[in-house]
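The values are calculated or read from the model by the stated rules, or taken from the named source; none is laboratory data. Predicted, not measured: the structure shown is a model, and the values here were computed from it. So basically every Cβ, Gly included, is an ideal-geometry build from the backbone, and we count neighbours across all protein chains shown. Side chains included, ligands, DNA and RNA excluded: accessible areas come from the protein's heavy atoms. Shrake-Rupley method; radii C 1.70, N 1.55, O 1.52, S 1.80 Å.
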Amino acid sequence: MTDTGTGAGPGTAAPGPASAALRAKLALAEPVLHRATARLWRPGAGLTARYTRYLGAMYHVIRASVPLMELAALRCAALAADPVAAPLARYLHHHIDEERGHDDWLLADAAAAGADPGGIAGDTPPAAVARLVGAQYYWIEYHHPVTLLGYIAVLEGNAPAPWLAGRLARETGLPDAAFGTVRRHADLDGGHRDDLDRLLDRLPLTVRQRTAVAVSALHTVDAVAELFRQLAAAGARPAPAAIH
Amino acid sequence: MRNGSGDGQRAGHEAHEKHEKHEKRDKREARDGRGGDPLAALERAGFPLHALPEEQLQVFRELSPAEVALLLDLKERLDAAEPEVMAHQEIAGGALF
């Protein structure tokens, strides 16, 4: 770890609720994400291909969720002197159980949408996914596992709207079974984000650690927006080979 | 004879250039870790901060240069987005999980 949060200045305890500060920063950033999402789900030609590409890309993102949290928990175990490490590890272990298997949901949805799950799983993950997920591996390994909370805050703080699955089903003509993941996460992730807020306010974060969480969160917004921008643009091109 | 329209255009162009110059300077300083006033940099970039409560403004005053640089990049991305997308902006949530 490069920063255990000891010493004066940036290492001193940060004032005020961490969750409110992070939400304020994300409120400035998230319109970018909303706009990218709106473009991804724009009605009309190509929506079915865009949705199928989205399932494939999200599979590659979400398959890394549990391994990322396991790595972060492992790093916490090596940071016994850091008072953030133990409660962070407890949260991660609990959250790992909640998130396990969600990548399989995405492959099942893709199959229901007419795509080949084996093809999706075997495809080289897009560079935009590697930029999104790979940054977390770097920060966990070379800085501090608390950075992962910024990533989780963005992913779980931006769940699909409750009616998105129904609208996509109507407009694409795909069966309901192709929208299970979107539908289930519209219900699940509000509670998960509240859990995260409580954790952020409970952790004795230093100024430097709080900044690391925010940098991770803002980078995540930027990387997701770029991924969605590419998926939205790709909808205008012929469907991928994985689609029957 | 004075060309009022031409003067107006020139003034608008100069204001735009000045704004761009400020934005470039803000981003350069943020990336170099020499951030000046984060709140002023965000306002110059066009973030609508005027109606925010004091607690949130204090959060932005204390932003690190890395956070300011990321926010300025995001604002640039937002400003570059196609206007027609705005019509569907509230439709979907974030579609993340």
Worksheet item: Which of the residues spanning segment A:25-43 are more than 24 Å from residue B:58 (Cα to Cα), facing another protein chain (nearest Cβ under 7 Å) and either at pLDDT 95 or above or open to solvent by 10 Å² or more (accessible area, probe 1.4 Å) (or both)?
Response: A:34, A:35, A:39, A:42
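Collect the residues in segment A:134-148 that are part of a helix (DSSP H, G or I) and in contact (Cβ under 8 Å) with a residue 12 or more places away in the chain, keeping them in residue-number order.
A:135, A:136, A:137, A:139, A:140, A:141, A:142, A:145, A:146, A:147, A:148
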Worksheet item: Give me the pairs: first residue in segment A:211-227 and touching a residue at least 12 places away in the same chain (Cβ under 8 Å) and at the interface with another protein chain (Cβ under 7 Å from one of its Cβ atoms), second residue β-branched (Val, Ile, Thr) and assigned to a helix (DSSP H, G or I), beta-carbon distance under 6 Å, and six or more apart or on different chains, which are they?
Response: A:221/A:154; A:225/A:32
Item to complete: Read through the list (1) touching a Phe, Trp or Tyr at 6+ places or on another chain (Cβ under 7 Å); (2) farther than 27 Å from residue A:25 by Cβ, then give the number of the only condition that residue A:179 fails.
Response: (1)
Worksheet item: Just checking, which of B:17, B:23 is open to solvent by less than 50 Å² (accessible area, probe 1.4 Å), away from every other protein chain (no Cβ under 14 Å) and at pLDDT below 95?
Response: B:23
Practice prompt. Considering only segment A:154-208, state which residues are of a type in the set (Gly, Ala, Ser) and under 24 Å from residue A:56 (Cα atoms).
Written response: A:157, A:159, A:161, A:165, A:166, A:169, A:173, A:177, A:178, A:180, A:186, A:190
Worksheet item: Taking the stated definitions as given, is residue A:72 assigned to a helix (DSSP H, G or I) and touching a helix residue (DSSP H, G or I) at 6+ places or on another chain (Cβ under 6 Å)?
Response: yes
Response to the item:
Residue hits (segment A:188-206; open to solvent by 20 Å² or more (accessible area, probe 1.4 Å) and either without any contact (Cβ under 8 Å) to a residue 60 or more places away in the chain or within 8 Å of another protein chain (Cβ to nearest Cβ) (or both)) are A:188, A:190, A:191, A:194
Discussion item. Within segment A:101-118, take every residue that is open to solvent by 20 Å² or more (accessible area, probe 1.4 Å) and in contact (Cβ under 8 Å) with a residue 12 or more places away in the chain and give me the one that is nearest to residue A:64 (Cα to Cα).
Written reply: A:103
Worksheet item: residue A:67 versus (1) touching a residue at least 12 places away in the same chain (Cβ under 8 Å); (2) within 18 Å of residue A:150 (Cβ to Cβ): which is the lone unmet condition?
Response: (1)
Discussion item. Can you say whether residue A:67 is open to solvent by 30 Å² or more (accessible area, probe 1.4 Å) and under 21 Å from residue A:227 (Cβ atoms), as far as the supplied structure shows?
Written reply: yes
